[in-house]
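Beneath this line is the structure, given in structure tokens, with notes to follow.
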Amino acid sequence: MSKDKGLNLIFKNILDKKNSGVKITYFSYEKGKEPDGEDKVYLSGKSETRDEFLFFENRLKKELGDGKVISPVSNLINEKDFDFSLVLNIKNEK
Amino acid sequence: MKSKFFITIFILFALIFSAFAGWFYALSKISSERKAILELRKTILRGEKNKIDEKSLVRLIDSVKKEKEIVESVFLKEDDLIRLIKGLESIGESSGVSLKISAISSEKNAVSKPAVSFSAKGTFEQLFQYLYFLENLPYLITINKVSFQKEEDIKEITQENNKKNILTSSWQALFNIQLESYEN
């Protein structure tokens, strides 16, 4: 998933990975400082269960690569109805 | 007899003197005219040289006209910025979002490119469509930042004399874009 696809496609691709138990309440994109560096996508939302969140996270990791999805440990503290946040690093090929 | 001789001599000298004076006058006149002619010739030459320079300059301008247009199209002018703002508003209307431009940083120098910050409110679909339209505007735009935030509002509605509070959700998007060029 690279920036040259267009932001709307990047967002669509991310949101398509979401399952019904996960609700996104905020997402943002920030262009990287380096010309061939990485752009950042910040995601936050609510998940009904930990498993649903992990399923979503794993789908993102499969798409972007393990190291490209940063998930704080706090995302795993609660088992049900919790807020989560993620940081995705997207390669900027512009 | 003697006086007649002197008168003749005097007249002769006077004639010779006047002939010399006339000759000197004519000579000085000719030389001054010559100088004037030389000056005129120099002026004509200078004029011709200027004409040639002007013609070659016009030819040079004509030859770089295309390049000039290309370069001018790269740098944004104030009119282009107004057109962009109108474009942003127009796609806002098309997608049904309410748009609010919060800041425009337009520097006079060509090095720093103008940046526009604005917010848009609407449903998620409307904002997503707006983002799509934004990326397809006929400008070379860099999206520096964009954020989508879900907002929940409590709306009061009246149904058969009963007031009810319902939770409605809308989205707000904040954009920060930078204009690279008028042409995409």
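Numbers at a glance
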read-out: Straight-distance crosslink candidates among lysines, where the alpha carbon sits under 23 Å from residue B:29 and sequence neighbours closer than 8 are dropped; value: B:42
read-out: Euclidean distance of C-alpha centroids, segment A:41-55 and segment B:2-64, integer Å; value: 102
read-out: Sequence-distant lysines (8 or more away, or on other chains) whose Cα lies within less than 21 Å of residue A:33; value: A:3, A:5, A:68, A:91, A:94, B:113, B:145
read-out: Of A:20, A:47, A:76, farthest towards positive along the dipole that unit charges on Lys, Arg, Asp, Glu beta carbons give segment A:16-94; value: A:20
read-out: Inter-label distance, nm, simple model (7 Å from Cα along the C-beta direction), residue B:79/residue A:66; value: 5.8
read-out: 13 Å beta-carbon shell around residue A:76, net charge (K/R +1, D/E -1); value: -3
read-out: Radius 9 Å from Cβ of residue B:172, net charge of other residues (Lys, Arg +1; Asp, Glu -1); value: +1
read-out: Efficiency of FRET between residue B:16 and residue B:42 - r from beta-carbon atoms, R0 35 angstrom, step 0.05; value: 0.35
read-out: Folded to 0 to 90 degrees: helix A:7-16 orientation relative to chain A principal axis, Cα; value: 20
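Every read-out reported here was derived from the displayed coordinates using simple, explicitly stated rules and does not represent laboratory data. None of the values given here were measured: they were computed from a predicted structure. Cβ atoms come from the backbone with ideal geometry, glycine included; neighbour counts cover every protein chain shown.
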